[in-house]
Amino acid sequence: MKQTPAFDGFCQTCPDPQEVTNALEPLGLSLHFQLDAQHSYNLPDLPAQYHYRDVHGTEVMFLAGTDHPEVGTRFPAHQSRWWVICGSSPFAFNLVAQELASRWGIPWQDDQEMDTHSVA
């Protein structure tokens, strides 16, 4: 079974969500799900989430804040976390990934490579 291409990235800045929306709309993506930040006394805070999608099924997920790893893993220093998932158009996927990387300096990793953050 062929896996859907996906990129994962950690960014040194955290743009305003409206700025992200404004950057993605010309690429055909619109906000389709949003979750406010979640605060817990027992667990690390979960930053606000913004999920975008286009007609090809290309998805962008944006965590507007620092993400905390599960026990046994580590993340690079970051202010926001991003994912881009390919839909039916590799062209749209690559265009979106390139635009985000260019605009906010996100160094993408293939989602399959994220296991390299595991702690031995």
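The values are calculated or read from the model by the stated rules, or taken from the named source; none is laboratory data. Just so it is clear, the structure is predicted and the values come from calculations on it, not from any experiment. Backbone-built Cβ (ideal geometry, glycine too); neighbour counts: all protein chains shown. Please note that ligands, DNA and RNA were not included when accessible areas were found on the heavy atoms of the full protein model with its side chains. Shrake-Rupley method; radii C 1.70, N 1.55, O 1.52, S 1.80 Å.
Restricting segment 33-82 to trypsin sites (Lys or Arg not before Pro) that sit in a DSSP loop and have at most 10 other Cβ atoms within 10 Å of their own Cβ leaves R74.
Using the 1.4 Å probe convention, the accessible area of the chain works out to 60 Å² per residue with neighbouring protein chains retained. Sites listed here are chymotrypsin sites (Phe, Trp or Tyr not before Pro) in segment 1-79 whose DSSP assignment is loop and whose Cβ has at most 12 other Cβ atoms within 10 Å: Y41. Relative to the current alpha-carbon distance between T4 and A48, full extension at 0.36 nm per residue lengthens the span by 13.3 nm.
3J(HN,Hα) couplings calculated from phi for segment 49-64 with the Karplus curve 6.51 cos²θ - 1.76 cosθ + 1.60 (θ = phi - 60°) are, in sequence order, 10, 10, 10, 10, 8, 10, 5, 8, x, 4, 10, 10, 10, 10, 9, 7 Hz; Gly and Pro show x. Which net charge results for the neighbourhood of F33, defined as the other residues with beta-carbon distances under 15 angstrom from its beta-carbon, given Lys and Arg at +1 and Asp and Glu at -1? Counting the neighbours of F33, the net charge comes to -2. Computed over protein heavy atoms with a 1.4 Å probe, the carbon and sulfur contribution to the accessible area of the chain reaches 53%.
Per 10 Å bin, what percent of the C-alpha pairs of the chain does each bin hold, from zero upward? Per 10 Å bin, starting at 0, the Cα pair percentages come out as 13, 45, 34, 9, 0.
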